[in-house]
Amino acid sequence: MIVKRYSGNPILTKKDIPYPVATVHNAGMVKHNDDYIMLFRSHNLNGRSIIGKAVSKDGYNFEVDKEPFIIPSTEGVFKEYEAFGVEDPRISFIDGEYLITYSAYSQHGVRIGLAKTKDFKSVERFSLITEADYRNVVIFPEKFNGLYARLDRPHSEISPWAIWISYSPDLRYWGDSELIMRPVQYHWDEMKIGPGATPIKTPRGWLNIYHGVFPTMAGSVYRLGVALHDLHNPAKIIAVGDEWILQPEDTHEITGYVPNVVFTCGAIPEPDGSVKIYWGGADTVMCVGTANIEELVDHCFKNSRSAL
Ligand code: BMA
């Protein structure tokens, strides 16, 4: 197994949350000073989502804040576009601040909000950085030729859901968008793919742990795979692993709010060359596993397929 599940999974469930929620899943992750910060999504009991925060010293045992961290805004333009909930945060550290991208749901569709924090004590909304219909936006933790770069996943009726890249000088205005990776027909990720964890810099390229979906008679199966982007030009994908790295297998991944789902929004590289990958199990609980970063990069080259 390339990803070793932690024996104490799930690491966070609704029972650990000091306010009423139905689920704890799809968490963005980052290390801030010596703390592992987890921003997790929860369904409220009305079916709409909010984002909570948990902190850990070891990456496995988390303490949850008494109050949610981001709830739908009651002010300005954000109020209109977050009315149905905020979901699936991703965190990137760049230029001394943490950027949090999240899905903002409303009657107008799903678009992406960008919020910033320096300390995870307070958080400020910056801008809504896409129109509808976008999900899964992750910002690279480094600039390329002076520009921020993000992976995103617009929806299209014509072509299957695929991974695109866009650039920005200021985080507000994005452009030069390009399709860089597509699903493969009759393959584990044939129905849709989307960016997952914030990309991890390695000597051989940026490691992108993404999710892929396969349709079955019993609904969709969400799995994780890996792709490697060029270090200097993230639009160029060097290799895409043919086989998934993680699929739903534990009971809390196979059954729950949405069965047969492992879905990642965050992974934390460690100084010893390992990475802790965090995933939501069945849209219900949070799980963690470890992998070796070099092995994940090797995996990208295993029967590597074309990205397009
Ligand atoms: C996707 C998103 C994720 C979710 C997954 C499985 O479309 O909604 O937040 O984890 O479906 O339900």
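Which of the residue pairs Lys53/Lys79; Lys14/Lys201; Lys57/Lys118; Lys53/Lys236; Lys53/Lys192 have a Cα-Cα distance greater than 24 Å in the structure shown?
Lys14/Lys201; Lys53/Lys236; Lys53/Lys192
When the accessible area of the stretch 49-175 is computed with all protein chains present and a 1.4 Å probe, what percentage of it is carbon and sulfur?
Its accessible area is 50 percent carbon and sulfur atoms.
Are there GluC sites (Glu not before Pro) in the stretch 240-285 that DSSP puts in a loop and that have at most 10 other Cβ atoms within 10 Å, and which ones?
Answer by residue number: there is no such site.
If R₀ is 41 angstrom, what is the calculated FRET efficiency for the pair Glu294 and Glu178, using the beta carbon separation as r and rounding to 0.05?
0.90
Within the stretch 34-82, which GluC sites (Glu not before Pro) sit in a loop by DSSP and count at most 12 neighbouring Cβ atoms inside 10 Å?
Within the stretch 34-82, the qualifying GluC sites (Glu not before Pro) (loop, at most 12 other Cβ atoms within 10 Å) are Glu75.
Alpha carbon centre of the stretch 144-199 versus the stretch 246-286: separation in Å?
Centre-to-centre distance over Cα atoms comes out at 21 Å.
Bin by bin, in steps of 20 Å, what percent of the Cα pairs in the chain do you find, going until the bin that has the longest distance?
36, 61, 3
Expressed in nm to one decimal, what extension gain is obtained for the pair Asp119 and His32 from 0.36 nm per residue of sequence separation less their Cα-Cα distance?
Additional length available on full extension: 30.5 nm.
Run the numbers for Ile71 and Ile254: contour at 0.36 nm per residue of separation, minus the present Cα-Cα distance, in nm.
63.0 nm
Among the trypsin sites (Lys or Arg not before Pro) in the stretch 1-92, which ones are in a DSSP loop with at most 11 other Cβ atoms within 10 Å of the Cβ? Mind listing them?
Qualifying residues, ordered by number: Lys57, Lys66.
I need the calculated FRET efficiency for the pair Asn303 and Tyr19, taking r as the beta carbon distance and R₀ as 35 Å, to the nearest 0.05. Show your work: numbers first, answer last.
Working: r = 46 Å, r/R0 = 1.32.
Plugging the Cβ-Cβ distance into 1/(1 + (r/R0)^6) gives 0.15.
Across all directions of projection, what mean area in square nanometres is found for the Cα convex hull of the stretch 168-308? If you can, show how the numbers build up before the last one.
On the way: hull surface 37.6 nm².
Computing the convex hull of the Cα atoms and averaging its projections yields 9.4 nm².
Going highest first, how would you order 213-219, 17-23, 111-117 by mean Cβ packing within 10 Å?
Numbers: 213-219: 11.9, 17-23: 16.3, 111-117: 21.0.
Packing proxy ranking, top to bottom: 111-117, 17-23, 213-219.
What does the convex hull of the alpha-carbon atoms of the stretch 123-248 project to on average, in nm²? Provide the component values of the computation, followed by the final result.
Numbers: hull surface 35.8 nm².
Average projection, Cα convex hull of the stretch 123-248: 9.0 nm².
Which residues make up the longest stretch of the chain that has no chymotrypsin sites (Phe, Trp or Tyr not before Pro) in a DSSP loop with at most 11 other Cβ atoms within 10 Å? Walk me through the intermediate numbers first.
Working: sites that count: Tyr173, Tyr186.
With a cap of 11 other Cβ atoms within 10 Å, the longest stretch comes to 1-172.
On alpha-carbon atoms, Rg over Rh for the stretch 78-194 using Kirkwood Rh?
Working: Rg = 14.5 Å, Rh = 14.8 Å.
Expressed as Rg/Rh, it is 0.98.
How compact is the stretch 240-308 by the rule of thumb for globular proteins, expressed as Cα Rg over 2.2 N^0.38 Å?
Values: Rg = 13.4 Å, N = 69, 2.2 N^0.38 = 11.0 Å.
Expressed relative to 2.2 N^0.38 Å, the Cα Rg reads 1.22.
Leaving out ligands, DNA and RNA, and with a 1.4 Å probe, what % of the accessible surface on the stretch 216-278 is carbon or sulfur?
55 percent
Keeping all protein chains in place, calculate the accessible area per residue for the chain (probe 1.4 angstrom), answer in Å².
42 Å²
The values are calculated or read from the model by the stated rules, or taken from the named source; none is laboratory data. This one's a predicted model, so the numbers in the text were calculated from it and none came from an experiment. All Cβ positions, glycine included, derive from the backbone under ideal geometry; neighbour counts span all protein chains shown. The accessibility values were calculated without ligands, DNA or RNA, using every heavy atom of the protein model including side chains. Shrake-Rupley method; radii C 1.70, N 1.55, O 1.52, S 1.80 Å.
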